[in-house]
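Written out below as structure tokens is the structure these notes cover.
The values are calculated or read from the model by the stated rules, or taken from the named source; none is laboratory data. Nothing here was measured: the structure is a model prediction, and the numbers come from that model. Cβ coordinates were reconstructed from backbone atoms using ideal geometry, including for glycine residues, and neighbour counts include every protein chain displayed.
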Amino acid sequence: MAYEPFISKQASLKTSLFVGTPSVSWCGPGFRLPREGRAASSLSPNPESKIISLTFGEPKLTPVRDLISRSRTRPTGKYPCWKMGRMMQWESIAELKAFRLLDCDAKIRRFVEQPCEIVYIIGSETRRHYPDIYVEYQHEKQLWEVKDDSCASEADLVARTKLLTEGLKAHGFTYRLVLASELRKQPRLQNANILLSYGRGSIAEIDRERVRLKLQRAGSLSWGGACAGEYGPNGRQILCRLTLEGVLMTDMDQPLSANSLFRVAEGAR
């Protein structure tokens, strides 16, 4: 059974924000500060629009603002994140779906909601923007803004996306506008829900060894075999957990069925 969102209240998080010209505040391992004195216009596709500062939360990789409060009129909730080992706050169903997809993608090292504040000038206005999700791959760092498809053509959103897509390259980030239609695609989302439903719990070393020996002999394991108890009484939990860990892989773009195969993931030991 997939985890269902629930509504909760959480005390406001303390944040440490700094606005400079241009600057990056808090930069943990892998984050590179721009050279002192770099012209702000170099971060912008045109001289009237520019990024002023990029500020991350303290301590590192914590949200810079709290999403859940009684005063908010839109639905919000918390997601029990397997990868990050904590509850993560969401403010739209599309964000909740993004969390589930990111949580079961073994290529992603970590992700965090509301990771930073970006201060920028567009036209003659100074504005603040809080990307929805920071996503870290082994060799790439992304900032996601999750939006409903109906917002995709709004002039302000288009202008901001263009500015940040170009400007954040100087800070080492890829900026992405991720639409709700992309996040609700099936069967990927349903497969993610199944993996998370069965794979959150730990598994015994003897189960890992049993699976390793079977993979040596057969080269792959089937979902049908797991459901039939061929890999022990916790076969489904074992396959799902090892897939979440990146030890096994399966085709997430095909519906999970009795014929679905799990193989050793590329690069896994």
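Of all residues in segment 218-258, which are over 20 Å from Trp82 (Cβ atoms) and under 20 Å from the mean Cα position of the chain (by Cα)?
Scanning segment 218-258 gives Asp251, Asp253.
Check Met88, Met84 and return the single one that is within 17 Å of Tyr134 (Cβ to Cβ) and in a loop (DSSP other than H, G, I, E, B).
Details: Met88 fails: in a loop (DSSP other than H, G, I, E, B).
When all the criteria are applied, what remains is Met84.
The rows are residues; the columns are (1) in contact with a Ser or Thr (Cβ under 9 Å, 6 or more places away or on another chain); (2) part of a helix (DSSP H, G or I); (3) at pLDDT 95 or above; (4) on the phi < 0 side of the Ramachandran plot.
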residue	(1), (2), (3), (4)
Val178	no, no, yes, yes
Ser181	no, yes, yes, yes
Gln186	no, no, yes, yes
Leu189	no, yes, yes, yes
Asn193	no, yes, yes, yes
Leu196	no, yes, yes, yes
Ile203	no, no, yes, yes
Arg210	no, yes, no, yes
Arg217	no, yes, yes, yes
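Of the numbered conditions (1) in a helix (DSSP H, G or I); (2) touching a residue at least 60 places away in the same chain (Cβ under 8 Å); (3) in contact with a His (Cβ under 8 Å, 6 or more places away or on another chain), Tyr120 fails exactly one; give the number of that condition.
Of the numbered conditions (1) in a helix (DSSP H, G or I); (2) touching a residue at least 60 places away in the same chain (Cβ under 8 Å); (3) in contact with a His (Cβ under 8 Å, 6 or more places away or on another chain), the odd one out for Tyr120 is (1).
I need the full set of residues from segment 237-269 which are closer than 11 Å to Gly199 by Cβ and surrounded by fewer than 19 Cβ atoms within 10 Å (Cβ to Cβ), in order please.
Result: Glu245, single match.
Specify the residue that is surrounded by the most Cβ atoms within 10 Å (Cβ to Cβ); the eligible residues are those in segment 185-206 that are more than 13 Å from Glu245 (Cβ to Cβ) and polar (S, T, N, Q).
Checked segment 185-206; the qualifying residue surrounded by the most Cβ atoms within 10 Å (Cβ to Cβ) is Asn191.
Among (1) closer than 25 Å to Ala98 by Cβ; (2) of a type in the set (Asp, Glu); (3) in contact with a Gly (Cβ under 9 Å, 6 or more places away or on another chain), where does Asp207 come up short?
Unmet for Asp207, out of (1) closer than 25 Å to Ala98 by Cβ; (2) of a type in the set (Asp, Glu); (3) in contact with a Gly (Cβ under 9 Å, 6 or more places away or on another chain): (1).
Do you know which residues across segment 220-257 are touching a strand residue (DSSP E or B) at 6+ places or on another chain (Cβ under 7 Å) and among the small types (Gly, Ala, Ser)?
Of everything in segment 220-257, those that are touching a strand residue (DSSP E or B) at 6+ places or on another chain (Cβ under 7 Å) and among the small types (Gly, Ala, Ser) turn out to be Ser220, Ser222.
Conditions first: (1) closer than 16 Å to Lys60 by Cβ; (2) in a loop (DSSP other than H, G, I, E, B). Ala106 passes all but one, so which condition is the exception?
(1)
Does segment 125-133 include one or more residues that are closer than 16 Å to Thr174 by Cα, exposed (fewer than 14 other Cβ atoms within 10 Å of the Cβ) and in the same structural domain as Arg176 (by TED's automatic domain parsing)?
Scanning segment 125-133 turns up no residue that is closer than 16 Å to Thr174 by Cα, exposed (fewer than 14 other Cβ atoms within 10 Å of the Cβ) and in the same structural domain as Arg176 (by TED's automatic domain parsing).
Quick check: is even one residue across segment 239-262 at pLDDT 95 or above, more than 25 Å from Lys185 (Cα to Cα) and touching a helix residue (DSSP H, G or I) at 6+ places or on another chain (Cβ under 8 Å)?
No: zero hits.
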